[in-house]
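Here is the structure we will look at.
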Ligand SMILES: [Zn+2]
């Protein structure tokens, strides 16, 4: 799970590593996905650590009331409300990733942000993107988290106005792959927009109308494994 956050898509390297590291700890990753004694638990980074500091053993396991049931550290308040309310609203979402990557976050700052139908990635991606245009308050309450969950609906990607992005997927692999592709695609669009010239739109007929995760078609396992090999070479401590 932790390389999804450290190396992904122009995502800050520490965030990719955080996801990859969780993926390397099957017992923790399973804890995040399965019911223990009828209780749903999830895996998350504790407050107070830079992403590049995180290792698999530093991730904490929490219940949906925000109690830390395994590991050391505290759960950040906004993270709690974003993650738990989406997990509750979306039983299919075993993995919920919330980050502030450069290009999707920049897009979220625009008036009426739109992931335009301009790159071939958009043909496959755009029908899975929801936009939250009402990001005038931080998600520091259950109501705020519920509002985000409602804005996401059944989509896998929520671009959160004035905030960042949240991606939901059936597995860590799928969520990472989805987030990576969305951030790369936003990078292409924002870079093109920075030229000052108009975007060239693709015809609506080019949409693929695919609603499942990218990984079902593009092999998210291979993608995340590639980033894990990079981490093995560059930051082998992440699995500890
Ligand atoms: Zn945030």
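A short reminder: the numbers here are calculations on the coordinates, not readings from a lab. Source: prediction; values computed, not measured.
For region 120-236, what's the relative contact order in percent, using C-alpha pairs closer than 8 Å and at least 6 residues apart? Walk me through the numbers on the way to the answer.
Working: 118 pairs, mean separation 35.4, N = 117.
Here the relative contact order equals 30 percent.
At q = 0.23 Å⁻¹, what is the log10 ratio I(q)/I(0) for region 88-130, with the Debye formula run over Cα points and no solvent?
Rounded to two decimals, the profile gives -1.00.
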